[in-house]
Amino acid sequence: MLDVLTGFVTELRAAGLPVSMTEAIDAAEAVHHIPLEDRQALKYALAATLVKSSAHWKAFETAFEVYFAVRGPQHGGDGTDGLDEEAPGDLDRDDEATGEGAGLGRGRGGGGGEPLSAEELAEMLFRALKSANTAQVAALARQAVTRYAGMEPGRPVGGTYYLYRTLRNLDLDGLLQRLLEAARQEAGGELTPLEERLATDEFRSRLDRLRRELEDEIRRRLVADRGAEALARSLRKPLPEDVDFMHATREELTALRRAIHPLTRKLAVRLARKRRHGRKGALDFRSTVRHSLSTGGVPVDPKFRYPRPAKPEIFVVADISGSVASFARFTLHLVYAIASQFSKVRSFVFIDGIDEVTPFFEGVDDVAEALHRINTEADVVWVDGHSDYGHALSVFWERWGEEITPRTSVLLLGDARNNYHASQAWVLQEMRHRARHVYWLNPEPRAYWGTGDSILDEYGVHCDAVYECRNLRQLEQFVSELA
Amino acid sequence: MSVPDDHAAAAAGSGGIQGPLGFPDPGPPRFDSVADVRDRLAQAGYLADDGMAGVVHLADRLAKPVLVEGPAGTGKTELAKSVARVTASRLIRLQCYEGLDESKALYEWNYRKQLLRIQAQQVVDDDDPLASGAGRGAARTWHELEEDIFSEEFLLTRPLLEAIRTGEPVVLLIDEVDRVELETEALLLEVLSDYQVSIPELGTVRAERIPMVFLTSNNTRELSEALKRRCLYLHLDYPSLEREREIVLTRVPGVSEELADQVARIVRSLRTLELKKYPSVSETLDWARTLVVLGVESVDAEQAKATLHVLLKYRSDLERAAKELSMGEGDANRTARHA
């Protein structure tokens, strides 16, 4: 057990979770106090001692499912003998191994002795989902994986492709429609819109459960095939705060968007607090004397004036050409969410033309909607819609340069890939003279700066600082330094 | 409570709370098993899922504090209260806020009383010419006086010290720990890891019985590693459909099963939308109570729309919910105006 546990802790650390020595010891101690045959209890005991942030839960869960997968001697055989031959009795055995199988599923599997045909499987799945029979759904998920995933032993994959193949064959959207149709008939024809919506959500959650069952099953078989460590390695994913903006997948982007909301709240709280407590103001003589009365006129507790908060003005100038669009989006998101911390935020977007987009954010509750309007309405194309930093910057200087004051911080967002146009770096030089700070945020890895058509070096010398800003962690750090 | 004479004794660690592995000995267990935790909490009207019950059970066995984190209104504080109720313990609560300090959290010297004591001494001295004047006598008196004014009589205990000193079973709830500054968190560390409080003038005060400790956090900032390391972590999220239905059934008197089911399902659908603030469990309960008071047997779109402002607190959220749940465009605005 101890070996498994240390292996597990090592895997968590490799996945980026901060697991300290004491926490590992706590986990070992906790394991003493729970019945080991109870897998759920083990999971919660380990989670409580090892994972100290809800953002890391997903990574923990993946590692746990791999390291403590339900395994039996029969399962070990599955991988080596080839999955397809095992099919007839498979349903049976899995039931015994996991101990949660449905009597129903077992009866059919044992009685028939034949693998279910595609139509039978679909029909049974439909009925199981309709009656929300979880045990049977689980049994059928196993059957479906056997039938459709076409797993090949020994291939070093994480299983995404197997899942995709299974799902394609099961046609979940079609199932959802059938389920809804059945619900409608049961209600006697028509559902009210509210009922329809509720039914849809209910069936979606059931289908989600099926999907999870499929994932689990595929993972179980992969563990049996390749061993926990190897599989954990291929399943390892960056934590939400480390996901690269430029290469995030669609799901990761959704997760990032969700993560940015609490993040902005945290940042705003932290900044407000820093303002209040960061520096003390001058001694407040009157208040000190007033408070000294309770100690008999001895000024034990000196009181200070609160410092006047310095609220900087921010000009955000963002490249929204295709190559860096998602990055610019996150930065605008973040800056606007903590706009209360700045006295004035103005934003400009450019590709080869430049346009001010501040009004789009005004009086809008939903930042995402504002961003959508920016993408569709802002006038940012001048000639051909390829980035031209030089032209954009000189136009910016011409039209808005006057408004930059010594209280203004200018943030330039972009990769400085200028398509070999003129750089017009003098604009930055002028800007720096007039503004409080000029910062450049680049979403590219530092190693790529100045390669190809990137002319960051030319701009960089005129900035107060140039930051690499590829993930939420770096972005958060920058914003807290700024305010 | 035990008060060792000096720090050496405290440092030697000869107290009775160190177990064989360096873990504090938690004393007789409060709960037999995970199932026991769940059943007893359920009897007290708090429905815990396996994860929560498991963590509470572990906290009891390992004598470790539990850090409960999650969105507002998911029953974090209620968990601590319920545990106190089922274990027949006293609940000592420390509400955290910005600017909380040692004298509000741990202990404070009652300096007004100390001043009085000193003044009383002067009166005695003036009456007694022998004591005043003679240098040696004065020094001795000063020493006595110092011993005297830094004794327990002049100590005002605050929640943390109180939880440790008292002999009766205690559940200590440190509420919204994320509201204190990062530096103030350090105050908690000694109490949380060793169940002791060091008072320079008195020595170290140890817990005789280890209290159960719950810390709650709304996650408005990252807590320090040092604090997290000392705690078991429990993330309380919005409950599953089944659990929410059960919660509504137990907590709302007079609610029918059908209504509870509908309430839980509508709330779940609302939580799948992109809202500013998701309806919490306590708001679900408020909504269910509202519906019961209104005499609603089964919710239709019309009634849901009219009472939605109990669940959602933002105008934009109300509009979106009304639209998404197909309650009709035009009426959505009316609902919003009601709110």
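Calculate one ³J(HN,Hα) per residue across segment B:197-206 by plugging θ = phi - 60° into the Karplus curve 6.51 cos²θ - 1.76 cosθ + 1.60, and present them in order as whole Hz with x for glycine and proline.
Values, residue by residue: 10, 9, 10, x, 7, 10, x, 9, 9, 9 Hz.
Once both labels are modelled 7 Å past Cα along the beta-carbon direction, what's the A:Thr254-B:Leu273 spacing in nm?
Here the modelled spin labels are 1.8 nm apart.
What is the Cα convex hull volume of segment A:346-414 when expressed per residue in Å³?
On the way: hull volume 7.0 nm³, N = 69.
Given the Cα convex hull of segment A:346-414, per-residue volume reads 102 Å³.
To the nearest 0.05, how large is the calculated FRET efficiency for B:Glu258 and A:Thr22 if R₀ is 41 Å and r is the Cβ-Cβ distance?
After rounding to 0.05, the efficiency reads 0.25.
For a paramagnetic label modelled at 7 Å from the Cα of A:Asp457 toward its Cβ, which residues of segment A:400-420 fall within the zone defined by backbone nitrogen distances under 19 Å?
From segment A:400-420, the list is A:415-420.
Going by amide H atoms built from the backbone, whose H comes under 5 Å of the H on B:Leu67, apart from near neighbours?
Long-range HN contacts for B:Leu67: B:Leu215, B:Leu232, B:Tyr233, B:Leu234.
List the residues, sorted by chain then number, that are 5 or more residues from A:Ile314 or on another chain and whose placed amide H is less than 5 Å from its amide H.
Distant-sequence amide H within range of A:Ile314: A:Lys344, A:Val345, A:Arg346, A:Ser409.
Given segment B:145-283, what percent of its DSSP beta bridges are antiparallel, to the nearest 5?
Roughly 50 percent of the DSSP beta bridges within segment B:145-283 come out antiparallel.
Test of understanding: express the Cα radius of gyration of segment A:2-67 as a ratio to 2.2 N^0.38 Å, with N the residue count.
Details: Rg = 10.7 Å, N = 66, 2.2 N^0.38 = 10.8 Å.
That works out to 0.99 for segment A:2-67.
For segment B:241-338, count the residues as N, evaluate 2.2 N^0.38 Å, and divide the Cα radius of gyration by that value, please. Show your work: numbers first, answer last.
Numbers: Rg = 12.4 Å, N = 98, 2.2 N^0.38 = 12.6 Å.
Relative to the 2.2 N^0.38 Å estimate, segment B:241-338 comes out at 0.99.
About the Cα centre, and with charges only on the beta carbon of Lys, Arg (+1) and Asp, Glu (-1), how big is the dipole of segment A:2-67? Nearest 20 debye, please. If you can, show how the numbers build up before the last one.
Values: 5 positive and 9 negative charges, 49 e Å.
With Lys and Arg at +1 and Asp and Glu at -1, about 240 debye.
Expressed in whole Å with the largest first, what are the equivalent ellipsoid semi-axes of segment B:140-259 derived from the C-alpha gyration tensor as the square root of 5 times each eigenvalue?
In descending order, the three semi-axes are 41, 19, 12 Å.
With each pseudo-label sitting 7 Å past Cα toward Cβ, what's the A:Arg265-A:Ser480 distance in nm, one decimal?
1.7 nm
Once phi is turned into θ = phi - 60°, what whole-Hz ³J(HN,Hα) does the Karplus curve with 6.51, -1.76 and 1.60 give for every residue of segment B:260-275, x standing for Gly and Pro?
4, 4, 4, 4, 4, 5, 5, 5, 4, 4, 4, 6, 7, 6, 8, 10
Pick out, from A:Gly460, A:Gly414, A:Ala378, the residue whose Cα sits farthest towards the positive end of the charge dipole of segment A:362-483, with +1 on the Cβ of Lys and Arg and -1 on the Cβ of Asp and Glu.
Result: A:Gly460, furthest along the dipole toward the positive end.
Under a 5 Å amide H to amide H cut-off, with H placed in plane at 1.01 Å, what residues pair with B:Asp49 once short-range neighbours are removed?
The list, which skips near neighbours in sequence, is empty: none.
When the Karplus curve 6.51 cos²θ - 1.76 cosθ + 1.60 is applied with θ = phi - 60°, which whole-Hz ³J(HN,Hα) does each residue of segment A:179-187 get, with x for Gly and Pro?
4, 5, 4, 4, 5, 4, 5, 4, 6
Which of the peptides A:173-179, B:97-103, A:456-462 is most tightly packed, and how do the rest follow, judged by the mean count of other Cβ atoms within 10 Å per residue?
Output ranking for A:173-179, B:97-103, A:456-462: A:456-462, A:173-179, B:97-103.
How crowded by other chains is B:97-103, given as the mean number of beta carbons from other chains within 10 Å of each beta carbon? Walk me through the numbers before you get to the answer.
Numbers: counts 0, 5, 2, 0, 0, 0, 0.
Per residue, the number of nearby Cβ atoms from other chains is 1 on average.
Roughly how far apart, in whole Å, are the Cα centres of segment A:172-227 and segment A:233-261?
Answer, in whole Å: 26.
No value in this document is a laboratory result; all are computed from the given coordinates. All of these numbers come straight from a predicted model, not from anything done at the bench. Note that we place each Cβ from the backbone using ideal geometry, even for glycine, and neighbour counts take in every protein chain shown.
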